[in-house]
Amino acid sequence: MLVSGNIPVTPYQEFASQKISTLGTREISGYASIVQEKKKQKAKIKYRKIKTSDCIIAPDGLPFEYYSSEEGIKHSIIKSVKQYLNFLPDKKQEGNFFLSGVIDEEREQKYFNNCYLLANIESPTPHEGAGTEAMQSLVEKSMLDDDTGGRVILYMVQLSDEDTSPKFFYKLGFRYIDEDNNTAMKEFIDKNIFEFRMPSGYMYLPKENIQKLLRYGHLF
C-alpha cells in the first residue's frame, strides 16, 4: 500500500535476450497489445469525504475556504483523545490519516471545511497518465459536490529520495501549506533535480489551479 500518491515503477516484460530481427510480426504485435492493454488499466485511488461535522483540526496556512465557518464548530470539544478517518496505518497498510485531540474549550481552533481527502493512489502504468486521470476524476467529483466545491487535500509522506510523488502532485497544481516547501519544490523542478527529500506535510489544491489540473495532459 502506498502513501499519498506514490506512483510505483512497474517494468514491462524484458525482451533484452531477444534480438528485434528474430521477433516475428505476431510477437511484436502481441507485445504491442500487452502494452496497449496496460495503458487501458486505471489507477487505484482511495479517498474519503471529510465533513465539517467531523471536527477535524486543520493546520494554519490553508486558503480560507478550506476552513469551516459554521458557528459553534470553532469552539467544539472533541470527546475522544484521538479520532481517526479509517485510514490508520499499521504494519501492513499505509495511508493518509488525521488526528483530532482534546481541545481547550477557551482556545479557538480551525477545522476543515467539507473537502475530499486523498488517502492513496497507485498507478499500474507509471508516466502513462493513469494517475493524472484518477486525480482529475476526483477533482471533478469534488467540483460537482456542492459541499466541497473542488476542495481536495492530502498529507504527503515521501517514502524515499527517489519517490516522485511530491513532484507529481506539485505539477498537477497541488501546493504545500508551507511556502518554503513550495519554493524548494519549484527549484527542484526548474533544475531537473530527480532525487531530493521533502518534509512531510499537508498539500491542497488551490482554487486557481483547478482548471490547470483538469487540463493537465492536454496542454502540458
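Observations on the structure shown:
- Per-region count, region 107-134, residues part of a helix (DSSP H, G or I) and either touching a strand residue (DSSP E or B) at 6+ places or on another chain (Cβ under 7 Å) or modelled with pLDDT of 95 or more (or both): 2
- Just one of the listed residues (161, 180, 147) is surrounded by fewer than 19 Cβ atoms within 10 Å (Cβ to Cβ), in a helix (DSSP H, G or I) and not small (Gly, Ala, Ser), namely 180.
The values are calculated or read from the model by the stated rules, or taken from the named source; none is laboratory data. Remember, predicted model here, so these are calculated numbers, not experimental data. Positions of Cβ are backbone-derived with ideal geometry, glycine not excepted, and every protein chain shown enters the neighbour counts.
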